[in-house]
Amino acid sequence: MSAESKPARFYFRAGNLALDFVNTVGNRLSETEKRNYFRATEDVMRWAKEAGLSLPKKNGANGKEIARAKDLDEMLAFRETVYRIFLNQVSHKPASPKDLRGLNDVLLKHRSRMYLSPAHGAYQWSTKPISDFDWIVEEVAESAATLLTSPELERLRVCEDEHCGWFFLDRSRNLPRRWCSMEDCGNRAKARRHYERVKQS
C-alpha cells in the first residue's frame, strides 16, 4: 500500500475544532509536499468521529447516508474560506467580505434549523434533520464564530515551520509557543539549526 493510499492520520493540536478542521492540510505552505487529508468522504467522517462530534440521529437506512463528491468539494471550499479568515486574523487584516459572507451563510443555515424542545421538565436545543456533511460544516462554523468573538482570539498563532502553516491557540504560560507540535515541527527546526552550526564549524 502506497503512502498516498494509506488513511490519513489526524492531529488535534490546535485547541479549537475549527482550527483542527483547517489543519487537515499537511505541509500547507509547501509547493511540493502539500497533502490534503480529506481525499474521500470516508476521511471526513473518520475525522468527525475522532474530533468527538456527535452526528445527528437519522431514521431509516440504518442511520447511514451516502455523501456525494459534490458534498466533499463544498466542504473543501469551506475549509479554505475558514483558513483565509484565520490567516488574515494572524496577519492583522480583516476577513474579505466574500469569506465573511461564506461563514455567515453557513451560520445562518445552522441557526435557522434550531428549535426548542421539551426535555426532562425543561427544554433543550434540537435541530431539524440534516445531512452529516452539512452538520459537520455547521459545527465547524459555530466553532469558528465562537473563537472569532472570544478573547482567546488573541492567542491565535500559526506554526513557524516554513512549510507547515497550521494554526493553534497559544495557551502556554512562560515561553511563547512557536510550533504546532514540538515533537514534529519543533524538532525539525532544532535539527536544522544543529545542521547549520555543524556546517559552519
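Points worth noting:
- Flagged links, alpha-carbon separation over 27 Å, of Lys34/Lys98; Lys6/Lys128; Lys6/Lys98; Lys6/Lys70: Lys6/Lys128; Lys6/Lys98
- 3J(HN,Hα) along region 23-33: 7, 8, 10, x, 6, 4, 8, 8, 7, 10, 10 Hz, from the Karplus curve 6.51 cos²θ - 1.76 cosθ + 1.60 with θ = phi - 60°, whole Hz, x for Gly and Pro.
- Sites Met114 and Ser91 - FRET efficiency at Förster radius 35 Å, r taken between beta-carbons, to 0.05: 0.60
- Packing-based ranking of 119-130, 85-96, 140-151 yields 140-151, 85-96, 119-130, ordered from highest to lowest mean Cβ neighbour count within 10 Å.
- Residue by residue, region 106-112 carries 3J(HN,Hα) couplings of 5, 4, 5, 4, 4, 6, 6 Hz when phi is fed to the Karplus relation 6.51 cos²θ - 1.76 cosθ + 1.60 (θ = phi - 60°); x denotes Gly or Pro.
- Inter-probe distance in nm under a simple model that places probes 7 Å from Cα toward Cβ, at Ala77 and Gln124: 3.5
- Computed from backbone phi, the HN-Hα couplings of region 151-164 come to x, 5, 4, 5, 8, 5, 9, 10, 4, 7, 4, 5, 10, 6 Hz, rounded to whole numbers (Karplus: 6.51 cos²θ - 1.76 cosθ + 1.60, θ = phi - 60°; Gly and Pro given as x).
- R0 of 41 Å, Cβ-Cβ distance Ser131-Glu33: FRET efficiency to nearest 0.05: 0.80
- Evaluating kT/(6 pi eta Rh) at 4 °C and 1.567 mPa s, with the Kirkwood radius of region 17-200 over Cα pairs in the Stokes-Einstein relation, gives 70 µm² s⁻¹.
- Charge-dipole axis of region 17-200 as Lys and Arg at +1 and Asp and Glu at -1 on Cβ define it, positive-most pick from Met75, Ser143, Met45: Ser143
Every number in this text was worked out from the coordinates using simple rules, so none of it is lab data. As the structure is a computational prediction, the values presented were derived from the model and not from experiment. So basically every Cβ, Gly included, is an ideal-geometry build from the backbone, and we count neighbours across all protein chains shown.
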